[in-house]
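The values are calculated or read from the model by the stated rules, or taken from the named source; none is laboratory data. What you see is a predicted model; the values in this text were computed from it and never measured. Because the Cβ atoms are built from the backbone with ideal geometry, glycine has one as well, and the counts that use them run over all protein chains shown. For accessibility, only protein heavy atoms count, side chains too; no ligands or nucleic acids. Shrake-Rupley method; radii C 1.70, N 1.55, O 1.52, S 1.80 Å.
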Amino acid sequence: AAKGFARTIDDAPGVALHTLSWGAVARVHTGQWDDVAAALKTAHELLDAERYTRPPVYAAPLYAAAAMVAEYRGKHGEADRLLEILADTWSSSDLAKVTEHPHATWCKHTGPIYLRRGQFDVVERLVAAGELPRIGHEGDRLGLLCELVAATGSWDRADSVVAETRATGQTYGLQALQAHADRLEGRASLA
């Protein structure tokens, strides 16, 4: 992502914004949260002022990552503001035809916000299976579903969720899903 940004910033700022977004998503998982906030600031520099609150859909993952970081840092108002921007982005895109909830497309980062807030009904909507599964989204959806089952103590669901998660991981070659399944299986066993 960093190389892509450096190569495209001068000639293709839209592509640079796209790579900036995916770089920020990766930085969430490596704990480089200050860099996620810096990436959002850089995105604003690349966007016209009126687009700060109407980013292109390919920049939305950055907003989702920034919302999660804000929530975990106790900046709930900032997280809510970014979630609202994501809802607006979703409603004005083709994604509105794909997912039931405006934050489902970015559930890897929006889901933990709702889990942390104890809004399990919202998380249930985020993890609702779509009619046309998308490989990358299925991994995010099932990882979040594993966390939801554990957070709610719905141990009667654990076996079926573990089986679905393992099968999907194997079918699509999503190795991280095995870790989600293992963790849920372990939590269920301890419970």
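When 36, 15, 28 are checked against the criterion of being β-branched (Val, Ile, Thr), without any contact (Cβ under 8 Å) to a residue 12 or more places away in the chain and at negative phi, a single residue qualifies: 15.
Output the qualifying pairs, or none if there are none: Cβ atoms under 9 angstrom, residues six or more apart or on different chains, first residue in the range 77-90 and within 10 Å of residue 110 (Cα to Cα), second residue open to solvent by 60 Å² or more (accessible area, probe 1.4 Å) and of a type outside the set (Asp, Glu). Note: pairs meeting the criteria are 79/72; 79/73. Contact map, the range 157-169: residues that are open to solvent by less than 10 Å² (accessible area, probe 1.4 Å) paired with residues that are among the polar types (S, T, N, Q) and part of a helix (DSSP H, G or I), Cβ distance under 6 Å, separation 6+ or inter-chain. Pairs shown: 169/178. Suppose the filter is at pLDDT 95 or above and open to solvent by 60 Å² or more (accessible area, probe 1.4 Å); does residue 125 pass it? No, not satisfied.
Mind listing just one residue for me: the one in the range 106-117 that is open to solvent by 40 Å² or more (accessible area, probe 1.4 Å) and modelled with pLDDT of 95 or more and, of those, farthest from residue 33 (Cα to Cα)? Only one residue fits best here, namely 117. Evaluating residue 100 against the criteria (1) assigned to a helix (DSSP H, G or I); (2) more than 20 Å from residue 20 (Cα to Cα); (3) at pLDDT below 85; (4) open to solvent by 70 Å² or more (accessible area, probe 1.4 Å) leaves one unmet condition, (1).
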